[in-house]
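Visitor: Okay, handing you the structure first.
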Amino acid sequence: FRVVVGSHQPSPSMVGRTKQLDAAPKGPDDRTLKANPRVQSDRAEVRELSERLGGAGDPLQKFQAFYGHVAALPFQNGPGQTAVDCLRNGGGDDMGKSRLLAALCRSQGVPARVVVGIVLNPNAAPTVHRWVEAWLKAPDRPEPSWVPACPTFGHFGHRRWPSNYLVVRIGDGPI
């Protein structure tokens, strides 16, 4: 496929959808704080690691500590890796690493979501990829927002976010 970016103004439906995607979590019952079968933030081993890494830090410090730990894990391909699979195997692919990063955040009360997208490369075929966004107050933003982090390719935060990442789906499911 081909993406062409022009000087066109976004349509009202595009503006509305962007507001939905950028909206704050809806409180303690929001799905970005809950465990699920792939992002097992309620597991004892995930909670223990998050407590050891995150300590008493603020949400940004916790997110940075979790990101640093998960980014340092080796890349390992595997079918349908969950957060616990990545933790137990000591590494994972983009799916496993993203799920583990989201699980560590959620276990410490930091809203986090897995994002499924496509990485566009000029000399290669586009690739499906996953990364994480956590809801927090970043130093370069006046208000809390979704802060991106890619533990597979080493990108963290708004300032260092590559322009070739195209969001396809918010949430950890098939495209």
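The values are calculated or read from the model by the stated rules, or taken from the named source; none is laboratory data. The model shown is predicted, which means the values in this text are computed figures rather than measured ones. Because the Cβ atoms are built from the backbone with ideal geometry, glycine has one as well, and the counts that use them run over all protein chains shown. For the accessible areas, the whole protein counts, side chains as well, though only heavy atoms, and no ligand, DNA or RNA atoms are used. Shrake-Rupley method; radii C 1.70, N 1.55, O 1.52, S 1.80 Å.
Visitor: With everything on Cα atoms, drop me the angle between helix 12-22 and the longest principal axis of the chain, reported from 0 to 90° to the nearest 10.
Guide: 10 degrees
Visitor: Could you tell me how many degrees, from 0 to 90 and to the nearest 10, lie between the Cα long axis of helix 59-72 and the main elongation axis, the longest principal axis, of the Cα atoms of the chain?
Guide: In the chain, helix 59-72 runs at an angle near 90 degrees to the longest axis.
Visitor: Which order do you get for Asp172, Asp22 if you rank them by accessible area with a 1.4 Å probe, largest at the top? Present the calculation step by step, with values, prior to reporting the outcome.
Guide: Values: Asp172 30, Asp22 95 Å².
Descending accessible area places them as Asp22, Asp172.
Visitor: Quick one: accessible area per residue over the chain, 1.4 Å probe, rounded to a whole number of Å²?
Guide: Values: 9600 Å² over 175 residues.
Ligands and nucleic acids excluded, the result is 55 Å² per residue.
Visitor: Then there is this: Along Cα→Cβ, 7 Å out, is where each label goes; now give me the distance between the ones at Arg52 and Ser163 in nm to one decimal.
Guide: Label-label distance for Arg52 and Ser163, simple model: 4.2 nm.
Visitor: Note the angle between two axes, namely the Cα long axis of helix 94-107 and the longest principal axis of the Cα atoms of the chain, as a number of degrees from 0 to 90, rounded to the nearest 10.
Guide: 60 degrees
Visitor: Compute the length gained on full extension between Ser13 and Asn89: take 0.36 nm times their separation in residues and subtract their Cα-Cα distance, giving the result in nm to one decimal.
Guide: Numbers: separation 76, 0.36 × 76 = 27.36 nm, distance 4.30 nm.
Between Ser13 and Asn89, full extension yields an extra 23.1 nm.
Visitor: Separate question: First select every other residue whose beta carbon is under 15 angstrom from the beta carbon of Ser98; then total the charges, Lys and Arg +1, Asp and Glu -1.
Guide: Every neighbour counted, the sum reads +2.
Visitor: Can you pull the percent of the range 1-160's accessible area that's carbon plus sulfur, 1.4 Å probe, other chains left in place?
Guide: Working: 4620 of 8730 Å².
Percent of accessible area from carbon and sulfur atoms in the range 1-160: 53.
Visitor: Something else now. Given the -39500 (n - 2.57) contribution per DSSP H run of 4+ residues, what per-residue ellipticity at 222 nm results for the chain, rounded to the nearest 500 deg cm²/dmol? Don't jump to the answer; show the numbers that get you there.
Guide: Values: 5 runs with 57 residues, N = 175.
Helices in the chain give a 222 nm mean residue ellipticity of -10000 deg cm²/dmol.
Visitor: Between Arg43 and Gln20, take the C-beta separation as r, use R0 = 30 Å, and let me know the FRET efficiency to the nearest 0.05. Could you put the intermediate results ahead of the total?
Guide: Working: r = 30 Å, r/R0 = 1.01.
So the FRET efficiency works out to roughly 0.50.
Visitor: Considering the zone a paramagnetic label at Asn121 would reach in this model (a point 7 Å from Cα along the Cα-to-Cβ line), which residues of the range 150-166 have amide N under 19 Å from it?
Guide: 150-156, 161-166
Visitor: Starting from the residue with the highest accessible area, list Val116, Val168 in decreasing order, probe 1.4 Å.
Guide: On the way: Val116 0, Val168 65 Å².
So the residues, ranked largest to smallest area, are Val168, Val116.
Visitor: Please compute the contact order of the chain in relative form: average sequence separation of alpha-carbon pairs under 8 Å and at least six residues apart, divided by the residue count, as a percent.
Guide: Numbers: 299 pairs, mean separation 35.0, N = 175.
With pairs under 8 Å counted, the relative contact order is 20 percent.
Visitor: At a probe size of 1.4 Å, how large is the accessible area of Lys34, to the nearest 10 Å²?
Guide: The value for Lys34 is about 90 Å².
Visitor: Looking at the chain as a GNM with Cα springs under 10 Å, which of Gln40, Gln81, Gln64 has the largest mean-square fluctuation?
Guide: Judging by the Gaussian network model, the answer is Gln64.
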